[in-house]
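The values are calculated or read from the model by the stated rules, or taken from the named source; none is laboratory data. Quantities reported herein were computed from a predicted structural model and do not represent experimental measurements. Cβ coordinates were reconstructed from backbone atoms using ideal geometry, including for glycine residues, and neighbour counts include every protein chain displayed. These accessible areas exclude ligands, DNA and RNA; they are computed on the full protein's heavy atoms, side chains included. Shrake-Rupley method; radii C 1.70, N 1.55, O 1.52, S 1.80 Å.
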Amino acid sequence: AFAVSVVPEGAEDETELPVLQKSEKSGTISKISKELKEIVFIIQSQSNSFHSKRAEDLKRDILKQTADLGKELPTVLLIHQMDGHEGAWTILPLMRDFSVTYGRNSSWIFFCEEDTRIQVVKLLETLGRFDGSKEWFLGKALYDEESTIIHHYAFAENPTVFKFPDFAAGWALSIPLVNKLAKKLKSEPLKSDFTIDLKHEIALYIWQKGEGPHLTPVPEFCTDDVNSYKVDHCATTFSNFLPLCGEPVKKEDVFVAVKTCQKFHGDRIPVVKQTWEREAALIEYYSDYADISIPTIDLGIPNTDRGHCGKTFAILERFLNHSSPRTPWLVIVDDDTLISIFRLRKLLSCYDPKEPVFLGERYGYGLGTGGYSYITGGGGMVFSRIAVQKLLASKCRCYSMDAPDDMVLGMCFSGLGIPVTHSPLFHQARPMDYPKGYLSHQIPVSFHKHWNIDPVKVYFTWLAPNTEESLNGKKVGYNREDL
């Protein structure tokens, strides 16, 4: 079900307009039509068939809503359709194009995700409160409760002071700010090699160490579910659900490979066995030492302190040559990854295993200068069998055994023209490393790392099939606020 319009049940679209006489209403619609023409909608879309359809559906809904308000339809663009930008999803490289194309005749660029739901009239009313001739950066504000590695421990003394937008609620830049950013990018190309958390990095770039605008919080940009009683004032809402496109894929359709090494057999593997191992029908542990008590499989690849490219490619070869050819999905996780295979099976129902799918949390490397996107390994990397076949049929391999496996995979798939597919439900870090407001509208699939947490508690709080699970015969339930 893809219900995008947020209209109270039993009401007509016009109820969102002020109560006016007919002639006044006609003038209001004409004014709205003009304002609509001045907004450029940018949907953060992806080329994978599941995601591109959702983005197209959202585009159609925006245009359907606006068709009733006047003849002048707004521009609605899908990021994955923008040619020549491997890093288009990072948005900043597009600023110069936006400035050249829309810098004279538009007032706002409004960005949203494929699952953002937009009430167009309410959005126009909201943007109308701000002077479009000034520099504005608008959104729903997120902030870090404590400094975190995914933001390079920024604002360590008081991380709550820096606000950045929750993309799910939508966010907007006024054209004067777009023009300013475009000018700066022309004279000073992007310096950062890595894109890790885009929403935070964009806010930092716009802020310019205090010389640019802070994010202005807008209460009408919401992430409450479309059916929530709280959304009456909202211009945007968010579909707060785990995608399910039919029956979840079968347990036997997902092969799980756990990367480990002898030094972690005693502390990390017991956590896997206490938590999510029971959800996996097909699971193997790959190590540098064969331990029959687990059991682990020694692939003949020595453990390395840095990257694990050699081991990962050996796992890919084993999956292709030794697992059933009827098993369409491979998941590779670290021994300190916490994952819900139960939820993953639901999510995978939305993807076509006949397509080359490489799925997880997307990072970027060198995207301002022709780099590539990759799936960060700690949150889990999901491959369709056809993706593995295409990869191994190519000549692309590790440049060293201890190269970073996730980055090499990203480079290889980029060279093959196979885009990575991003899901925000996979997480490279721990729950405490993300803003509470960000996680509040998610049903997560994975978290990573055991530092300073009880990983069993984290699993049963955030990832277990039920909020309360039986652990050693006892019912347990934890408060997310404590983790």
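With the condition kept exactly as written, say whether any residue in the stretch 418-438 is modelled with pLDDT under 95, touching a helix residue (DSSP H, G or I) at 6+ places or on another chain (Cβ under 7 Å) and within 30 Å of residue 355 (Cα to Cα). No.
The number of residues in the stretch 198-231 being part of a loop (DSSP other than H, G, I, E, B) and open to solvent by less than 20 Å² (accessible area, probe 1.4 Å) comes to 5.
For the stretch 98-114, filtered to residues that are modelled with pLDDT of 95 or more and farther than 12 Å from residue 173 by Cβ, the residue that is most open to solvent (accessible area, probe 1.4 Å) is 100.
Residue selection: residue 256 fails the criterion of being assigned to a loop (DSSP other than H, G, I, E, B) and either exposed (fewer than 14 other Cβ atoms within 10 Å of the Cβ) or within 23 Å of the chain's Cα centre (by Cα) (or both).
When the residues of the stretch 278-332 are filtered to those that are small (Gly, Ala, Ser) and touching a strand residue (DSSP E or B) at 6+ places or on another chain (Cβ under 6 Å), the one that is most open to solvent (accessible area, probe 1.4 Å) is 290.
Yes/no matrix, rows are residues, columns are (1) open to solvent by less than 40 Å² (accessible area, probe 1.4 Å); (2) in contact (Cβ under 8 Å) with a residue 24 or more places away in the chain; (3) assigned to a loop (DSSP other than H, G, I, E, B):
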{"residue": "395", "(1), (2), (3)": "no, no, yes"}
{"residue": "403", "(1), (2), (3)": "yes, yes, yes"}
{"residue": "409", "(1), (2), (3)": "yes, yes, no"}
{"residue": "429", "(1), (2), (3)": "yes, yes, yes"}
{"residue": "438", "(1), (2), (3)": "yes, yes, no"}
{"residue": "451", "(1), (2), (3)": "no, no, yes"}
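Taking the numbered list (1) open to solvent by less than 30 Å² (accessible area, probe 1.4 Å); (2) under 20 Å from residue 195 (Cβ atoms); (3) at pLDDT 90 or above; (4) not acidic (Asp, Glu) in turn, residue 87 passes all entries but (3). Scanning the stretch 55-78 turns up no residue that is open to solvent by 40 Å² or more (accessible area, probe 1.4 Å) and in contact (Cβ under 8 Å) with a residue 60 or more places away in the chain.
Only a single item in (1) out of contact with any Phe, Trp or Tyr (no Cβ under 8 Å at 6 or more places or on another chain); (2) under 17 Å from residue 198 (Cα atoms) is not met by residue 364, and it is number (1). Of all the listed residues (2, 41), the sole one being under 24 Å from the mean Cα position of the chain (by Cα) and at pLDDT 95 or above is 41. The criterion of being under 27 Å from residue 324 (Cβ atoms), out of contact with any helix residue (DSSP H, G or I) (no Cβ under 9 Å at 6 or more places or on another chain) and either open to solvent by 10 Å² or more (accessible area, probe 1.4 Å) or hydroxyl-bearing (Ser, Thr, Tyr) (or both) holds for residue 346.
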